[in-house]
Amino acid sequence: MKTAVIVTTYNRPQALRLVLNSLASQTVPADQIVVADDGSTQSTAECIAEFQGKLPLQHAWQADLGFRAAAARNMAVSRSDADYLIFLDGDCIVPSDFVEKHQRLAEQGWFVAGNRILLSERLTENVLASEAGIHAWSTWQWLWQSFVGGCNRWSPKLFIPGQIWRKQRPTRWQQARTCNLGLWRHDFDQVNGFDETYNGWGHEDADLAVRMIRQGVLHKEGRFATAVFHLWHEENDRSQTQENEARLKTILSSSEIQAKRGLSQHLG
């Protein structure tokens, strides 16, 4: 199984550097890593250049025309020929067994929705300043950070074995977030990827999950196996949230499977 990690970023090279460092420390490395760059400046390109030769890395850049994460991800996927895709945000550091755990959970007919540990502003500043290797922190270190207010919780760091319990909510789309999402490329193709009519922050990942479930690809829990460490950031501009919510409601009440404007635009 050839695996690609699609990392979405926008003008946060310090965070991206830590994410790429964590991807360079995997027990089972990804076959491809494609940075889906939503219009960053040269400093991000310089950060990516540092890892060329160390990682199987590509830089997929689009012009900065506002928040267009759906288009950036579709473009990045079009540059990959991997069988399995893992979507990750450029401010989400991953543990050393992240790719390995996603591969173990990968199963035909299912997508895997993981979760995250949210770092506090204070801990994030310290991690960025020191470039701390938090991807290698133990469960006990995260327990301590939870106790002192460095993160919102520590329990996602735990691993719970088994597969059956992970399939108890197969049609639940609400927990699918592209900061930590694994799926098969052929399933992504079948629904024409992300819908690029979503502009601004919010709900393009929920839209994808709804259409995939409608296609017959079901939700599998990635919790207690694939948690990521999400660096603090100021809240994104949500001025277009109302329009995106309206788009999602329309999809929920329809029978649509294919994205209106999606991956096909980027394929030759």
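Please treat every number below as a calculation from the coordinates, not as lab data. This structure is a prediction, so every number in the text was calculated from the model and none was measured. Here Cβ is always computed from backbone atoms with ideal geometry, including for glycine, and neighbour counts include all displayed protein chains.
Rounded, prolate or oblate, given the Cα gyration tensor of segment 214-268, with a/c below 1.5 counting as rounded?
Details: a/c = 1.60, a/b = 1.20, b/c = 1.34.
Since a/c reaches 1.5 but b/c is at least a/b, the shape of segment 214-268 is classed as oblate.
What shape does segment 32-146 take by its C-alpha gyration tensor, where a ≥ b ≥ c are the square roots of the eigenvalues and a/c under 1.5 counts as rounded, a/b above b/c as prolate, and the rest as oblate? In terms of gyration-tensor shape, oblate.
Of all aspartates and glutamates in the structure, the ones whose alpha carbon falls short of 17 Å from that of K249, not counting any fewer than 8 places away in one chain, are D195, E196, E204, D205, D207.
The Cβ shell under 15 Å around I164 holds other residues with a net charge of +4, Lys and Arg each +1, Asp and Glu each -1.
Scan the chain and note any complete DSSP helix (H) whose C-alpha atoms cover at least 30 Å along its axis and whose Kyte-Doolittle average is -0.5 or more.
On the way: long enough: none.
Correct list, ordered by number: empty.
Count Lys and Arg as plus one, Asp and Glu as minus one, and take only other residues whose Cβ is under 10 Å from that of N11; the net charge is then -2. Would you compute the Debye intensity of segment 3-266 from its alpha-carbon atoms alone, equal scatterers and no solvent, and pass along log10 I(q)/I(0) at q = 0.09, 0.10, 0.13 Å⁻¹ to two decimals? Debye intensities relative to I(0), on a log10 scale: -0.37, -0.46, -0.81.
Evaluate the relative contact order of the chain (contact order divided by residue number), counting alpha-carbon pairs under 8 angstrom at least 6 apart; express in whole percent.
Numbers: 545 pairs, mean separation 65.4, N = 268.
24 percent.
Over the residues of the chain, the helix contribution to mean residue ellipticity at 222 nm works out to -9500 deg cm²/dmol, using -39500 (n - 2.57) for each DSSP H run of at least 4. Taking each of K54/K101; K54/K260; K54/K167 in turn, the alpha-carbon distance tops 28 angstrom for K54/K260; K54/K167.
Between segment 123-194 and segment 196-268, what's the alpha-carbon centroid distance in Å? Result: 17 Å between the Cα centres. In segment 1-80, the C-alpha radius of gyration followed by the widest Cα-Cα span (Dmax) gives 11.9, 37 angstrom.
For segment 141-157, list residues with backbone N below 19 Å from a point placed 7 Å from the Cα of N126 toward its Cβ? Only 141-155, 157 pass the distance filter.
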